1. Just name the residue that is modelled with the lowest pLDDT out of those in segment 111-128 that are under 22 Å from the mean Cα position of the chain (by Cα) and in a helix (DSSP H, G or I).
2. Considering only segment 2-9, I want to know if a residue exists there that is farther than 30 Å from residue 152 by Cβ, exposed (fewer than 12 other Cβ atoms within 10 Å of the Cβ) and at pLDDT below 85.
3. Return the total of residues in segment 147-173 being closer than 22 Å to residue 101 by Cβ and either assigned to a loop (DSSP other than H, G, I, E, B) or modelled with pLDDT of 85 or more (or both).
4. I need a count of the residues in segment 84-105 that are at pLDDT 70 or above and out of contact with any helix residue (DSSP H, G or I) (no Cβ under 6 Å at 6 or more places or on another chain).
5. Looking at this structure, is residue 32 closer than 30 Å to residue 144 by Cα and not in a loop (DSSP other than H, G, I, E, B)?
6. Any residue in segment 15-30 that's at positive phi and surrounded by 14 or more Cβ atoms within 10 Å (Cβ to Cβ): show its pairings with residues that are in a helix (DSSP H, G or I) and at pLDDT 95 or above at Cβ separation under 6 Å, as long as the two are six or more apart or on different chains.
7. Among the residues of segment 31-71, which ones are touching a strand residue (DSSP E or B) at 6+ places or on another chain (Cβ under 7 Å) and either more than 19 Å from residue 2 (Cβ to Cβ) or in contact (Cβ under 8 Å) with a residue 40 or more places away in the chain (or both)?
8. Just one of (1) out of contact with any helix residue (DSSP H, G or I) (no Cβ under 8 Å at 6 or more places or on another chain); (2) within 30 Å of residue 133 (Cα to Cα) trips up residue 52, so point out which.
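The values are calculated or read from the model by the stated rules, or taken from the named source; none is laboratory data. These numbers come from a predicted model, not from an experiment. Neighbour counts run over all protein chains shown; Cβ positions are idealised from the backbone, glycine included.
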C-alpha cells in the first residue's frame, strides 16, 4: 500500500474527497477511486441547523427558520444604506412588486391542473404543512398557489384539519 493511501484511509468518508486529497497531496479522483474501492460511502455534510437562513433556503418554514430569514433580510436592508424606513417603498417599487406578484399568481394558476374539484383530506393536510412553501405544495398538488394560500388562511390555527365544512360534507354524501 502506498503512503498516501495509508494516510488517507482514516479520513475517507469523514470529509469531501477534495479536502482529503488536499490533505494527503493527491487528486480528488484518486481519493474517490480509493474510497469506492474500499466500499466507503462519500461524505455527506449534515444539513444546516434550524433557525438559520441556510435552512430556510433549503425549504424549511418552521418559526425559527422564518425568524432567522427575516433577521438576515433586515440586517441586509440596514447594511444597504437605503433611506426608506422598514416597509416604505416608492410608488414605482410598489407597482413593480404588485406586477411581479400578479404575474406569479397568474403563472401558478396556468400551471394548475386541478380546478373545481373538492379538496381531499390528504390535500388539506399537505396544504397545511408549513415546512413547505405554498408554491411547492401547489406544484405537488397541481393546484394554484392562491388556492393553497386560501386553504391555509381558511384553516388558520387548525392543529389538524378537523371536520370538513358542512357544504363539502353534504356534497360528498
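1. The extreme case among them is 111.
2. yes
3. Of the residues in segment 147-173, 8 are closer than 22 Å to residue 101 by Cβ and either assigned to a loop (DSSP other than H, G, I, E, B) or modelled with pLDDT of 85 or more (or both).
4. Number of matching residues: 15.
5. no
6. From segment 15-30, no pairs qualify.
7. Across segment 31-71, the qualifying residue is only 43.
8. Every listed condition holds for residue 52 apart from (1).
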